[in-house]
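The values are calculated or read from the model by the stated rules, or taken from the named source; none is laboratory data. Predicted model only: the values in this text are computed from it and were never measured. Please note: Cβ atoms are built from the backbone with ideal geometry, for glycine as well, and neighbour counts cover all protein chains shown. When the accessible area is computed, the model is the full protein with side chains, heavy atoms only, and any ligands, DNA or RNA have been set aside. Shrake-Rupley method; radii C 1.70, N 1.55, O 1.52, S 1.80 Å.
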Amino acid sequence: MRSKKVDKVKVRQAVQLLLEGLGVDLENEHFRHTPERAAKAWVDELCSGLGEKKFSLTTFQVGEKYEPSMVVLQHIPVRSVCAHHLLPFYGQATVAYIPDQRLCGLSKLSRIVDYFSRRPQVQEELTSDIANFICDQLSPQGAGVIVKATHLCMAMRGVSHDGVMTTSSLKGSFLRESNVRAEFMSLANTQSLNKL
Ligand SMILES: [Zn+2]
């Protein structure tokens with residue numbers, strides 16, 4: 001999903017209208033600067049992935065002796081906002097790929113998740129956006145992404161249940177080869193180091 005144009009003034013006006021619509025006293029000292037403060041948070045942080053600057057990935061050629069094997073990064077924080085209610089969803093992602101000719105720094109996998117998280121969206125599309133971006137940038141043999149998240153739109157309204165939603169996106173050999181998929185699933189389910 002692409003943004004047409006980010007307009008912080010409109011966002012500030014919208015927050016003000018929201019508060020007025022809710023009957024909140026804007027003269028109260030806690031709310032007096034809320035429209036500006038909230039607009040800054042929405043534009044500069046929660047939705048910074050909608051801005052003009054496009055995220056680009058620095059990649060490296062694999063060495064001649066390198067035999068491609070699976071690279072997995074777990075426990076990547078996910079903080080996003082749902083498209084349907086504009087309420088946060090948060091959790092963790094596991095991102096993996098098997099390089100072909102190009103590698104990227106491990107921290108970049110975390111950056112990719114952060115970049116695509118910072119916009120209103122549905123979790124299913126976030127998951128496939130991350131996988132597609134890795135495929136576009138690295139042309140790997142395959143890639144896999146799993147996102148597990150709790151949605152406040154489900155926890156604070158409707159069924160009031162804070163279950164965990166899991167979505168996955170598999171590409172290339174992760175989709176075609178059952179042994180690759182099984183390796184990914186087993187690595188994705190390992191505990192973090194401090195829990196081993
Ligand atoms: Zn929602």
Q: Describe numerically, in nm with one decimal, the distance between label points set 7 Å from Cα along Cα→Cβ at A83 and at N132.
A: 1.0
Q. Which one of V71, G51, M156 is farthest out on the positive end of the charge dipole of the chain, using unit charges on Cβ (Lys, Arg +1; Asp, Glu -1) and the Cα centre as origin?
A. G51
Q: Give me the number: length gained by fully extending E64 to E177, i.e. 0.36 nm times residue separation minus the C-alpha to C-alpha distance, one decimal in nm.
A: 38.2 nm
Q: Rounded to whole Hz and in sequence order, give me ³J(HN,Hα) for the range 23-31 from the Karplus expression 6.51 cos²θ - 1.76 cosθ + 1.60, θ = phi - 60°, writing x for Gly and Pro.
A: x, 7, 6, 6, 7, 4, 4, 6, 9
Q: Kindly flag which residue pairs out of K10/K40; K10/K108; K4/K148; K4/K53; K8/K108 have an alpha-carbon separation exceeding 22 Å in this structure.
A: K10/K108; K4/K148; K8/K108
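So, for the chain, what is the accessible surface per residue at a probe of 1.4 Å, expressed in square angstrom?
Numbers: 11900 Å² over 196 residues.
Ligands and nucleic acids excluded, the figure is 61 Å² per residue.
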(Q) Testing the spin-label approximation: label points 7 Å from Cα along Cα→Cβ at R37 and R157. State their distance in nm. (A) 2.3
Q.
To make sure I understand the rule: partners must be aspartates and glutamates, Cα under 13 Å from the Cα of K171, and not fewer than 8 residues away in the same chain. Which ones qualify?
A. D129, D136
Q: Return the calculated 222 nm mean residue ellipticity for the chain, to the nearest 500 deg cm²/dmol, obtained by summing -39500 (n - 2.57) across DSSP H runs with n ≥ 4 and dividing by the residue count.
A: -10000 deg cm²/dmol
Q: Would you please give the residues with an amide H less than 5 Å from that of D100, counting only those at least 5 places away or on a separate chain, with H modeled from the backbone geometry?
A: Q141
**Q.** Label-to-label distance, nm, for residues given as Q101 and D44 (7 Å Cα→Cβ offset)
**A.** 4.2
(Q) Restricting to DSSP loop positions (anything but H, G, I, E, B) with no more than 12 other Cβ atoms inside 10 Å of their own Cβ, which GluC sites (Glu not before Pro) remain in the range 53-145? (A) E64
Q | At most 12 other Cβ within 10 Å, DSSP loop - trypsin sites (Lys or Arg not before Pro), the range 5-35 | A | K5, R32
Q | Per-residue HN-Hα couplings for the range 33-43 [Karplus 6.51, -1.76, 1.60; θ = phi - 60°; Hz; x = Gly/Pro] | A | 10, 5, x, 5, 5, 5, 4, 4, 5, 5, 7
